[in-house]
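First the structure, in the form of structure tokens, and then the observations on it.
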Amino acid sequence: MTIQILKSKIHRVKITQAELHYVGSITLDEDLMEAADLIENEKVQVVNINNGERLETYVIKGERGTGVVCLNGPAARKAQVGDIVLVISYASMSPEEAKVYQPVIVFPDENNRLPSHS
């Protein structure tokens, strides 16, 4: 048996764009993707803090260092530029693996950038 466990989360990023006339997905800054252990085309859940909307989509790699968080296609109707969202990924694993697994949680700043490592 396997269960679904939190794999990673980008906590509280700001929507920078919403492109309705696009195939679909969420575009994320490549820095955010790497920090959250997300790969292109990975399924994610997007939870909008401002309006309570929840949706599932897949990740498209955005330009590194830009802070881009763009909902594309029909998902663009679920948020407005400036809304704060969580981007969550899950993984299937055995209960034994899940008990020791440590999810990756990323806390970007107000510009969707990673805190600097001084």
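Remarks
- The single condition among (1) aliphatic (A, V, I, L, M); (2) over 15 Å from the mean Cα position of the chain (by Cα); (3) modelled with pLDDT under 95 that Ala75 does not satisfy is (2).
- Evaluation of Val23 against (1) farther than 30 Å from Pro95 by Cα; (2) surrounded by 12 or more Cβ atoms within 10 Å (Cβ to Cβ); (3) touching a strand residue (DSSP E or B) at 6+ places or on another chain (Cβ under 8 Å) (one fails), failing number: (2)
- Filtered by the rule that a residue be in contact with a Ser or Thr (Cβ under 9 Å, 6 or more places away or on another chain) and buried (at least 19 other Cβ atoms within 10 Å of the Cβ), segment 77-106 gives Val87, Ile88, Ser89, Val106.
- Among (1) outside any strand (DSSP E or B); (2) under 13 Å from the mean Cα position of the chain (by Cα); (3) among the aliphatic types (A, V, I, L, M) - the single one Val23 does not satisfy: (2)
- So Asp109, is it part of a loop (DSSP other than H, G, I, E, B), modelled with pLDDT of 95 or more and out of contact with any strand residue (DSSP E or B) (no Cβ under 8 Å at 6 or more places or on another chain): yes
- Hey, Ala98 more than 14 Å from the chain's Cα centre (by Cα), touching a residue at least 60 places away in the same chain (Cβ under 8 Å), in a helix (DSSP H, G or I) and farther than 16 Å from Ile10 by Cβ or not: yes
- Among the residues of segment 1-20, just one is closer than 24 Å to Asp109 by Cβ, among the polar types (S, T, N, Q) and surrounded by fewer than 17 Cβ atoms within 10 Å (Cβ to Cβ), namely Gln17.
The values are calculated or read from the model by the stated rules, or taken from the named source; none is laboratory data. No experiment lies behind these values; they were computed from the predicted model shown. All Cβ positions, glycine included, derive from the backbone under ideal geometry; neighbour counts span all protein chains shown.
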